[in-house]
1. If you build the Cα gyration tensor of segment 23-122 and take the root of 5 times each eigenvalue, what three semi-axes come out, in whole angstrom, biggest first?
2. Determine the calculated [θ] at 222 nm for the chain from helices alone, applying -39500 (n - 2.57) to every DSSP H run no shorter than 4 residues and normalising by the residue count; nearest 500 deg cm²/dmol.
3. For segment 99-179, report the accessible area per residue in Å² (1.4 Å probe, heavy atoms, rounded to an integer).
4. What part of the accessible area of the chain, given as a whole %, is carbon or sulfur when the probe is 1.4 angstrom?
5. Mind putting a number on the dipole of segment 87-232 about its Cα centre? Charges go on the C-beta only, +1 for Lys and Arg and -1 for Asp and Glu, and I need it in Debye to the nearest 20.
6. Taking a probe of 1.4 Å, how large is the accessible area per residue of segment 1-56, in Å²?
7. Measure nothing but the geometry: give the 0 to 90° angle between the long axis through the Cα atoms of 329-342 and the longest principal axis through the Cα atoms of the chain, rounded to 10°.
8. Applying the Karplus parametrisation 6.51 cos²θ - 1.76 cosθ + 1.60 with θ = phi - 60° to the phi angles of segment 221-238, what ³J(HN,Hα) value in whole Hz is obtained for each residue in order, glycine and proline being reported as x?
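The values are calculated or read from the model by the stated rules, or taken from the named source; none is laboratory data. Not measured: the values here are computed from a predicted model. Note that we place each Cβ from the backbone using ideal geometry, even for glycine, and neighbour counts take in every protein chain shown. Areas reflect the complete protein model, heavy atoms only, side chains present, ligands, DNA and RNA absent. Shrake-Rupley method; radii C 1.70, N 1.55, O 1.52, S 1.80 Å.
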Amino acid sequence: MYGTIRIEHNPSCKTKPGQEENLGFGRHFTDHMFIMDYEEGQGWHDPRIIPYGPLSHDPAAMVFHYGQAVFEGLKAFRTDQEDIVLFRPDQNAKRLNRSCERLSMPALDEEFVVHAIQNLVRLDAEWVPRKEGSSLYIRPFVMATEAGLGVRASSRYSFIIIMSPVGAYYEEGLQPVNILVEGHFARAVQGGTGNAKVAGNYAASLNAQAVAKENNCAQVLWLDAIEKKYLEEVGSMNVFFKINGEVVTPSLSGSILEGITRKSIIHLLNEWGIPVKEQKIAIDDIVAAYENGTLEEAFGTGTAAVVSPIGSLLWQGKSMVINQGNIGELVQRLYDTITDIQFGRTSDTHNWLVSC
């Protein structure tokens, strides 16, 4: 659709981090990146893979001033059979377009997005880690590049993909984390950009994250912006609670991002016959479930961490310890099932994996 992807090989490839090195998250970057440009009247054009390096943009590029920037996050996995696979990349391509639409940015052909990712991963295949639990994190993003200070949609954009070998997102690994229920700052509001993966959403979350760290918490649990009553997301993840044998998660109200891991988990729960509901959940309902002993498990879900168990919630100065601070049986089962699919340890009966 956009022409053949031309490839410029990096003549000075970097030394790859060792298998035993602590990769962290987003600290190392592969030898190449993908770029494609958009210009009004011409459309998307010139798809290319070039050596990874700095970008050069005019100081008046509109992304710097009016924030037209969206991104995605997905992973490539090296299976136990040494195949390299992606997990549901078509869903990331669809969501990228939804985000672009929200910010008046041009759509991309979704099949081509996946095709570009596959080509880049194949070229830098040796960067996909072999260490247990590690993967290659892939960050596609779109930004406005036209130089101009008028408040309007840009007429020029770049679509870029960069990649980074990563270990566990949280230093704690699959261990329950402490979460601060945020009662002051708001992440998003209905009618805003909360249901799009917009760069500004994450900038707006940083103050609350700093407060969480001051309270010895790993992340914040956001409440709705209007009533400060209903649960939304936990950090940059979707959130689930198991209460009296039933799993509940906040419904997609327009201010919550539709997570791909979230969608996969709801599918698995339905398949396993475990009751799961998408509904409005008040913080008071969680407090009541904690006090009457029916709050069994809580966890966040997302691409970076897959599943992150919540060990306690700090709300209005009171710490509510969940499942005695231990990993719940359901959390462990979900994590094992999804990662076993991703690393080829079990059959992919859902056709969620795409080969590179």
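1. Details: eigenvalues 131, 61, 40 Å².
Working through the eigenvalues yields semi-axes of 26, 17, 14 Å.
2. On the way: 8 runs with 83 residues, N = 356.
Only helices count here, giving -7000 deg cm²/dmol.
3. Numbers: 3280 Å² over 81 residues.
On a per-residue basis, segment 99-179 sits at 41 Å².
4. Working: 7330 of 15740 Å².
So the carbon and sulfur contribution to the accessible surface is 47 percent.
5. Details: 16 positive and 16 negative charges, 45 e Å.
It comes to approximately 220 debye.
6. Normalised by residue count, the accessible surface of segment 1-56 is 61 Å².
7. 20
8. Values, residue by residue: 9, 7, 9, 4, 6, 8, 9, 6, 9, 9, 6, 10, 10, 10, x, 10, 10, 6 Hz.
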